[in-house]
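The values are calculated or read from the model by the stated rules, or taken from the named source; none is laboratory data. In this text, all values refer to a predicted model and were calculated from it rather than measured experimentally. With ideal geometry, Cβ positions are generated from the backbone for all residues, glycine too; neighbour counts draw on all protein chains shown.
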Amino acid sequence: MPYAQAPETAPKAPAPARASGSRRRRLWELDGHAYCPVIGVCLPLPQLRRLADKTLGGMQQHNDYEVHCIAVTECRHRSPLSEAVQKELEARYVLVLKAARQLKSTEALGHWWDDCRASADWAGALWAALTHPRCDAVLEHRILGEVHMLQHQVGMACRADLTRMDALHEENAILSRELAKAQGRCQQQARQFSARLEEQQALALRLRADLVQSQTRQMQLQEQMDQLQTCAPDLPARLALSQQNRQLLEGLQTLQRQLQQARQEAQAQRERAEALQQRLDEMPRPQVTEGASEAPRLDHRAVLCVGGRTASVPIYRQVIEHRGARFLHHDGGTEDNSSQLDATLAAADLVICQSGCISHNAYWRVKDHCKRTGKPCVFVETPSRAALERALEDIVSTSAPTPAA
């Protein structure tokens, strides 16, 4: 006799009319088409078998399909098994039932079912929706139809999973063969590494023996050195002096190379100065006409040139001494001590400052001194003979000659 339908001798009593109150329907009060999906979806088969064996007994001899059909038949009316299944479903989905209790209309219940159906776990929502007091015949028919199609989709997914499982088994077999080959290669490499390890260990033993021999030889040499130090107690001092002499000799050679380079640079500067002086001497002097006056004289006056190139100092000296003045020079802090600048400024009557060839400190000290003392001072930007002569003419034209004390 099929178990999915009630026996013909015991037809199911007509379902009571649905109340318009808030009481939820019991399992045996559902429509006849609802028992198969409710029992198959909402209750796991192992739990169903335990409940059926506990209430009816003798379920060990039936397969899973027969247990399912017996449960569907028993749950169509109130029985010990239907009451046990009702209690189990109420306890299993208590949180879902609590959420569905907030729904007050059939439309809200339908929307809630649609939202729950989109999730993966919709078994509790099925039980809560079918037993809800606002679930009418139309909504129940829609829910059961959608559950029916979902079961078809689950079946198709199971078949796809089985196909995928077969492919995975085949892939696993291929990977197992590849793994066996890889393990064979690993074992071969392990044997090779073991052979190399033995060779390395043998080599380490030989090296250790060589090390012992070297240490023995070192101890012998140390004993010989101790004997030599005993025979010559001042040997460490001699060795230190020898090392110091080598260092001094290296330093002396370095200084000699630097001195030779400095001499060569000085010789080049002298040759350049001589060449410039020769060119200046060969330049034609402007003839003084009858109506023109001679170059201004600076007799008995001290003229200080601050800055300028080293090669141009002899030219400055010649120009200034040619006009009868006494030549003073300070390089502006490049090589001369900057502390001597104040004393040199105090001894000068006239100051010519090469502003492009001195330090900033010397520039401001010259300017401040001349401003405080009122000494004539001309700042020359171009370090040349012509610029110096123009500076001397400017000084003579703007200051009266005052002999030095």
Check: Condition test on ALA348, is it at pLDDT 80 or above and surrounded by fewer than 18 Cβ atoms within 10 Å (Cβ to Cβ)?
Finding: no
Checklist line | Meets criteria (touching a residue at least 12 places away in the same chain (Cβ under 8 Å), part of a helix (DSSP H, G or I) and over 55 Å from the mean Cα position of the chain (by Cα)) for LEU126 | finding: no
Notebook entry, point to check: Among the numbered criteria (1) over 25 Å from ALA91 (Cβ atoms); (2) in contact (Cβ under 8 Å) with a residue 24 or more places away in the chain, which single criterion is violated by PRO133?
Noted result: (1)
Next item on the list: Scan segment 352-369 residue by residue and report those that are in contact with a Cys (Cβ under 8 Å, 6 or more places away or on another chain) and under 13 Å from GLY308 (Cα atoms).
Entry: ILE352, CYS353, GLN354, TYR363
Next item on the list: Filter segment 355-398 for residues that are surrounded by fewer than 19 Cβ atoms within 10 Å (Cβ to Cβ) and of a type in the set (Gly, Ala, Ser) and give the result.
Entry: SER355, GLY356, SER359, GLY374, SER384, ALA386, ALA387, SER397
